1. Taking K and R as +1 and D and E as -1, what net charge do the other residues with C-beta under 14 Å from the C-beta of D:LEU294 add up to?
2. Beyond 27 Å, what share of the Cα-Cα pairs of region B:167-303 remains, rounded to the nearest whole percent?
3. Give the long-range amide H neighbours of C:ILE30: residues separated by 5 or more places, or on another chain, with amide H under 5 Å away, using H modelled in the peptide plane at 1.01 Å from N.
4. Take the cross-link list D:LYS43/D:LYS121; D:LYS150/D:LYS355; B:LYS121/D:LYS43; A:LYS150/B:LYS276; C:LYS11/C:LYS43 and give me the ones stretching past 25 Å between alpha-carbons.
5. Within the protein assembly as shown, what whole-number % of the accessible surface is contributed by carbon and sulfur, with the 1.4 Å probe and all protein chains included in the calculation?
6. Loop sites only, by DSSP: take the trypsin sites (Lys or Arg not before Pro) in chain A that have at most 16 other C-beta atoms within 10 Å and name the longest stretch containing none of them.
7. When all alpha-carbon pairs of chain A are counted, what percent fall beyond 24 Å?
8. Taking 8 Å as the Cα distance limit and 6 or more residues as the minimum spacing, I'd like the relative contact order of region C:256-297 as a percentage.
Number of protein chains: 4
Amino acid sequence: MEGMPLEIPAKMKAAVLMAPNKLEIKDVQIPSPGPHDVLINVKACAICSSDVSLMHKPWPYQPPYGSFVPGHEYAGTVVAVGETVDEFQTGDRVAVEAHLGCLRCRNCRLGNYTACLNYGKPEKGHRANGFTTNGGYAQYVVNHINTVYKIPDRVEFEEAALITNLGCVLYGFETIGGYVVGDQVVVIGPGPLGLISVAVAKALCAGNVVLTGTRDSRLEAGLAMGADRVVNVNDEDPMTAVMDETQGLGADLIIESSGNVNGPQTAIEMAKRMGKILMLGFPDGSVTANFSALGKDNKSIYTVRGEGWANVGRAISLLESGRISLKSLATHAFRLDEIEEAFKTFTQRIGGAIKVIIIPNAD
Amino acid sequence: MEGMPLEIPAKMKAAVLMAPNKLEIKDVQIPSPGPHDVLINVKACAICSSDVSLMHKPWPYQPPYGSFVPGHEYAGTVVAVGETVDEFQTGDRVAVEAHLGCLRCRNCRLGNYTACLNYGKPEKGHRANGFTTNGGYAQYVVNHINTVYKIPDRVEFEEAALITNLGCVLYGFETIGGYVVGDQVVVIGPGPLGLISVAVAKALCAGNVVLTGTRDSRLEAGLAMGADRVVNVNDEDPMTAVMDETQGLGADLIIESSGNVNGPQTAIEMAKRMGKILMLGFPDGSVTANFSALGKDNKSIYTVRGEGWANVGRAISLLESGRISLKSLATHAFRLDEIEEAFKTFTQRIGGAIKVIIIPNAD
Amino acid sequence: MEGMPLEIPAKMKAAVLMAPNKLEIKDVQIPSPGPHDVLINVKACAICSSDVSLMHKPWPYQPPYGSFVPGHEYAGTVVAVGETVDEFQTGDRVAVEAHLGCLRCRNCRLGNYTACLNYGKPEKGHRANGFTTNGGYAQYVVNHINTVYKIPDRVEFEEAALITNLGCVLYGFETIGGYVVGDQVVVIGPGPLGLISVAVAKALCAGNVVLTGTRDSRLEAGLAMGADRVVNVNDEDPMTAVMDETQGLGADLIIESSGNVNGPQTAIEMAKRMGKILMLGFPDGSVTANFSALGKDNKSIYTVRGEGWANVGRAISLLESGRISLKSLATHAFRLDEIEEAFKTFTQRIGGAIKVIIIPNAD
Amino acid sequence: MEGMPLEIPAKMKAAVLMAPNKLEIKDVQIPSPGPHDVLINVKACAICSSDVSLMHKPWPYQPPYGSFVPGHEYAGTVVAVGETVDEFQTGDRVAVEAHLGCLRCRNCRLGNYTACLNYGKPEKGHRANGFTTNGGYAQYVVNHINTVYKIPDRVEFEEAALITNLGCVLYGFETIGGYVVGDQVVVIGPGPLGLISVAVAKALCAGNVVLTGTRDSRLEAGLAMGADRVVNVNDEDPMTAVMDETQGLGADLIIESSGNVNGPQTAIEMAKRMGKILMLGFPDGSVTANFSALGKDNKSIYTVRGEGWANVGRAISLLESGRISLKSLATHAFRLDEIEEAFKTFTQRIGGAIKVIIIPNAD
């Protein structure tokens, strides 16, 4: 049968944001899928630094305290489908993306749904699960089918929960043109998106990938993801290293994912004439940068919001073929009732934590 | 005959940069065209703010004092052609662009010759007349044919001397995608490039063009170039005006040509989600900007160096058809021996000066 | 009030396709707008050659005889809005586009809704009014808001009814890159799309536009739309003319809109090395062409389905500014009960007919 | 010293085309490198089907019988450099591309040098070694540095001689957009370019690659290059196979490299709505195709001439990293004096020949 099978209970456990930095595990009503939705039994939901940020201070259009379940990086099993849905069936193993555009504004109509002009307006059809509508720190969650992708058996839920990260990086690569065969790439900052950027650059046959950072353990993780050279900026001048690798010309593509206040300026200086800068990490507030240097050498700066242009689908292909593995990034897992400890592990990088996973339906 | 006709004298008058801010009219040898060159009798050479900058403090790869003739915006008549040249004939009326790439580096091979990786290396073939090789504040100048374009009779030399400005703006529009039909555009700063940006936006059928600035005379010039609305920021909040014109969404394209320290941040704030920012003016040194706001809304920043991708040829087409006229920008003209007064008129905007022209061969 | 105002009657007149080439004016139920729809009182609906074709032989997914109202080029007034709609109000003057994608397939999600992978499946949300769902040869029609655009007062309904044609040509120009300043363009075939292609090429500042055809009256219409040169192929060899205009190099862009069996091959031959061919007209069935000539000179062929990428919105901007006028193409108008005569006028080009308009609510 | 070292003799052996299909090994003068050239001692030169074609019937701008040395796929060692050259040194191991544009026409200036508008005009600077100027079936050959790329030690000359094939395929992928992660690709025809297309599609992370052909041995080679499925069209209907792999939707990208008369039409039918067709093989003369089917589904056709946009440089990166190996394609090698047998082996596919290499300096 379609709709709501018998085995789904009426209530579920969910981590509800009650106040700043205060998640509480509560029994709440299980949502019903609308005509274009599926109901997902969440098997894994990864903690993202944006969760930390929005729990600290609400993001625009975030639902009020007491009603909002965060979590936007999750995977699970379809347990019910909406009345028009034949793209999915009960039992399908799936991963998701966060952004469902409104499907009616100009940006959505042109395919740019992560930049929806009706962001935060559910009455217009927009949803961003875990941001403006309920997300995955719960046993069940409803997703519009546009945000759901089947995953093959060989991909485990923990890895699949990280797929928005890979989708986001792929969206970045598509944004800067998508074709980097033989190009020189520098990645600044070995956070999750930086490490994945290394993997994507190599998967797309970039010629030489340099990763810079401050923690040796993360730089080693970068080597494991395929970096040709890692630079600990405490030991070595990264600009010298990049110029050394590029015959003094700078790199074709700089991916700034450190979010450091010096990140934009460093990226500008490291780029080759006509080079491109992709920003995945952003410092809070205003920082200084030399735009004149940007212009003098005909460089450009690109950003991405979320995991657009259906790149989560492309991401699954990479996991399926084994061209990229995210498993090593999923360093820790916790039950839903341990979510406080999970966040602490993530923010303090306890035990070398990179990505920390919540298992909402763990026994 | 080809080569060097009899009527060309051995010596010419040229404005040689002898020291910072010190141009001296001297008798110098007339250069000979190489195999791929033409010799041009300069009829008009326009002053650019980059001339002011490089006379104040030398730009990279600028020839030494005592030997360097600046001036890169000029037009004239071909008086001799190199041995392989049949693309031009003696008597052709021509305009020029500044950048001849080396034609052998990777950027040049891919068509990005204004971002030549051998910039400033004449031994590799690179020239940028008026920057790294001699320019147009002289009676004669040599140009490689790649930098020369025939102009039709209906286009006068004074207007043709401004064509690199139009070529630069067109290159900017091509860089951001080239297709702006119906788009909302904001131009910040009514300098020459800003005014031309207004004209190009309207020529390419942008829907609504707002120009912001501080001088009413320049804003009126902007209306004459086709702006739909002008905003004097001393009288009216430009952000309010832009949001008013765009139903609160921001504009599709922001062209920052003020060079003001607030320019980048203002541009970021005025752009729509997924909007584009084209930077034509640059503040000296570092300024502050909120990259997080750039990224949150998936915006991107583009720059242009010079007048690339052969857009000077496209620019001539616009002048020829009358779709754009630059005549009103050429507000003043001086003889070569009046060049000091000409620069003063330009920098102090005496008499409402916009672009000031030197006529090197005036009687 | 929203929804269904009192003044809307229960029944309307509509031209229902009863059998091949047989339209019958019938009284039918007025449709109700769904939650994302508006109900439009049709003021003008233009005859398209695809109407002629699908009335002769049903197109894929066309509704059965006895229930289908064709007509996809129409404009009118909003008389009721669906429950979620605040983008439009009763009384708004609007034009439409035909294709509403399903909004859930991969093509739709990426903005390519005219190439919807669920074409013809209304149960998935797809509609193509006048093709797979009811259209505008009726007093009222329902449109999803994604397919509706407000028109300014200065644009009359008859002209607005032609806007899908302009949207289609703009989509074509955007498909080939969108930036044609100074380019040499050839348009083959002075049908409605060909004539509009001439106008768009000139509006976007193409350098020189040649139009070829067989009827002097249509070629004169092309001159009125801005063609720089027209070639009656009965009097003059078009290839010679094109080579004459392009120094023997061929044109940058060839727009084939004749639908003639020789069209593709002629277009291939007329294109410059690296040139582009945009096909807007298509011969029935297979034709011969020399692909080797295409490849030897690195040429490419683009097509467009419908009026994609929201170009109808851009089209309205062009009509509003007066940059393009379609009025001269709307040569004839008929009442709904004269629809048979209207089609005859169109197909036989009686009285020099170019576009023929039905006025469903004429007194 | 630079220029011409002592060890270079005055004469060399070269295969000169004396008449149709008649190559003769002759002693000829070793050419001198011009100022922007290098002299290469040819270590390996691969036979291409275009050699077979131009030996059968001269191609446009081919030098006259008695003076022309064909061969455009070669690698070797730099033995002398022109006076301005410091990009290369004597002893460098190098591979080449065929096309040196004139560097002065509009196409060359925009980076499209394989579509040079001065093709075949050496007086304008154009060269296409092995087509319009002498090539690699000789002990020495002169190349402009723009057409020369260093190869790392780990790449052998035989493999490097095939690099224009890989450069051509990469140029094709860049032409269609360059980003195919997860896309469904079909390659028609397992010739050298088809087999390499399979390898490139997989290297760039295409999701599923189907190869169709008629010879099991070649299809097995396709499996070795990474094809996910091969279809012998004598055993299985390829259209059924493609629809089976694509849920009936057709593939995102069709690469036609069979050159078969049915190739274009098959490609059109196999492509998804909005799909792309890249043509690498071309039937002689005109063939039939249904352009209406192309247009109805918004498909487009791309071609490539040669190995443009400096993709040979990117190709070397792929060989260096081992992401693609061409070794298995170099099935046979012959001495220069065995060139007749070599061509016979290639054209008759003796011993399963795929690519056949001439070793001009074999002992």
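The values are calculated or read from the model by the stated rules, or taken from the named source; none is laboratory data. Keep in mind it's a predicted model, so treat the numbers as computed, not measured. Glycine gets a Cβ as well: all are built from the backbone with ideal geometry, and neighbour counts include every protein chain shown. Ligands, DNA and RNA are stripped out before the accessible areas are found, and what is left, the full protein with its side chains, is counted by its heavy atoms. Shrake-Rupley method; radii C 1.70, N 1.55, O 1.52, S 1.80 Å.
1. It works out to a net charge of +1.
2. 8 percent
3. HN-HN under 5 Å from C:ILE30: C:LYS11, C:MET12.
4. Beyond 25 Å between Cα atoms: D:LYS43/D:LYS121; B:LYS121/D:LYS43; A:LYS150/B:LYS276.
5. Looking at the protein assembly as shown in its full context, I get 49 percent from C and S.
6. Counting at most 16 other Cβ atoms within 10 Å as exposed, the longest clean stretch of chain A is A:1-153.
7. Tail of the P(r) past 24 Å holds 56 percent of the pairs.
8. Normalised by residue count, the contact order of region C:256-297 is 50 percent.
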